[in-house]
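Q: Pasting a structure here, questions to come.
The values are calculated or read from the model by the stated rules, or taken from the named source; none is laboratory data. Everything quoted here is computed from the prediction, not taken from an experiment. When we count neighbours, we look across all protein chains shown, and the Cβ atoms used for this are built from the backbone with ideal geometry, even at glycine. To get the accessible areas, we keep the full protein, side chains included, count just its heavy atoms, and leave off ligands, DNA and RNA. Shrake-Rupley method; radii C 1.70, N 1.55, O 1.52, S 1.80 Å.
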Amino acid sequence: MSDDLTPGTPENADNADNANGSNGSSDDRVASVTPPAAPEKQLTGRQRLAAGLWPPRVSRAQLIVALLLFVLGLGLAIQVRSTSDNSALRGARQEDLVRILDELDDRTQRLEDEKSRLETQRSELESSSDQAEEARKQTQEKERQLGILAGTVAAEGPGITLTVRGAAAAVESDMLLDAIQELRAAGAEAIQINDVRVVADSYFTGSGGEIEIDGTKVTAPYVFKVIGKPEDLEPALNIPGGVVQTLEKEQATATVARSQKIVVDALRPAKRPDYAQSSSR
């Protein structure tokens, strides 16, 4: 009896193997019995579309293309904006466009002439043997020019005469001011209305036949004496919708006459500034 129970005997080993084998087959049977899987939830078409779009999957190439399209759209918007700014000239007639180009050419030419004159003065100062005398002469000439602009000295030269006639209520002060601005834009160098010298700080007040310039009353007919290039001054007043047409709409008449000698002799007293002083030493 003791021999049968001795560990390590073949009979005991076989019994152990049989026991282990029976246990393994039991585990296999337990593992093979699993509950059935739950059926997958079916997604609708809208849900599949939303799942494909979000979260967005953006590649580097798509970012570059989007940036290029943004830059292109911005450039097109700027181009359209620039084109719309020039829409006022699109409706102009060919004659008006030609006149505008001529005025721009004339202004450019005047600036070029002024540049050449200043360069000549500089050359004369640099090459003159007596630079002090040359500087004195140029200073006197500059003083004379500034006196003409300030209205403290008389002036004469080629230009035009503009005469405005009409009922007292037909001509307003702003119409006269518009004429002054058009003439200055066309290159007028000296202007006189009746007996009043018009300068940079002149002002117009009143209406209905009670118009004053710098506090001096003027009455119709209003006679403008203007010194400048007649070929530039007259077209500036006769442009479509300009001074002449505006006055005619108000039942007033405006006539322009060219002349090679216009005398502007109305003077203004020289004013000494109360606060401003020369900064030159």
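Q: Looking at (1) within 37 Å of the chain's Cα centre (by Cα); (2) under 15 Å from Val263 (Cα atoms); (3) open to solvent by less than 70 Å² (accessible area, probe 1.4 Å), can you tell me which one Val153 breaks?
A: Of (1) within 37 Å of the chain's Cα centre (by Cα); (2) under 15 Å from Val263 (Cα atoms); (3) open to solvent by less than 70 Å² (accessible area, probe 1.4 Å), only one is false for Val153: (1).
Q: So which residues in the range 213-237 are open to solvent by less than 40 Å² (accessible area, probe 1.4 Å), of a type outside the set (A, V, I, L, M) and under 16 Å from Glu189 (Cα atoms)?
A: Passing the criteria: Phe224, Gly228, Pro230, Asp232.
Q: I'd like to check which strands (runs of 3 or more DSSP E) are fully inside the range 201-281 and have at least 1 residues that are in contact with a Lys or Arg (Cβ under 6 Å, 6 or more places away or on another chain) and of a type outside the set (S, T, N, Q).
A: 252-264
Q: Any chance you could count how many residues in the range 207-252 are basic (Lys, Arg) and in contact with a Leu (Cβ under 9 Å, 6 or more places away or on another chain)? Before the answer, list the steps.
A: Pass one, the range 207-252, residues basic (Lys, Arg): 217, 225, 229, 249.
Cutting the leftovers down to in contact with a Leu (Cβ under 9 Å, 6 or more places away or on another chain) gives us 225.
Looking only at that region, the number is 1.
Q: Among helices (runs of 4 or more DSSP H) lying entirely in the range 38-116, which contain 3 or more residues that are modelled with pLDDT of 75 or more and within 23 Å of the chain's Cα centre (by Cα)?
A: So the answer is 60-85.
Q: Turning to a different aspect of this structure: Would you be able to say whether some residue in the range 163-185 is in contact with a Lys or Arg (Cβ under 8 Å, 6 or more places away or on another chain) and outside any helix (DSSP H, G or I)?
A: Within the range 163-185 (the criterion being in contact with a Lys or Arg (Cβ under 8 Å, 6 or more places away or on another chain) and outside any helix (DSSP H, G or I)), the answer is no, since none of the residues qualifies.
Q: From the residues in the range 192-203 that are of a type in the set (A, V, I, L, M, F, W, C) and touching a strand residue (DSSP E or B) at 6+ places or on another chain (Cβ under 6 Å), which one is surrounded by the most Cβ atoms within 10 Å (Cβ to Cβ)?
A: My answer is Val198.
Q: Yes or no: the range 197-204 includes at least one residue that is at pLDDT 95 or above, farther than 20 Å from Arg117 by Cβ and more than 34 Å from the chain's Cα centre (by Cα).
A: yes
Q: Only one of (1) modelled with pLDDT of 90 or more; (2) acidic (Asp, Glu); (3) more than 30 Å from Leu101 (Cβ to Cβ) fails for Glu231. Which number is that?
A: (3)
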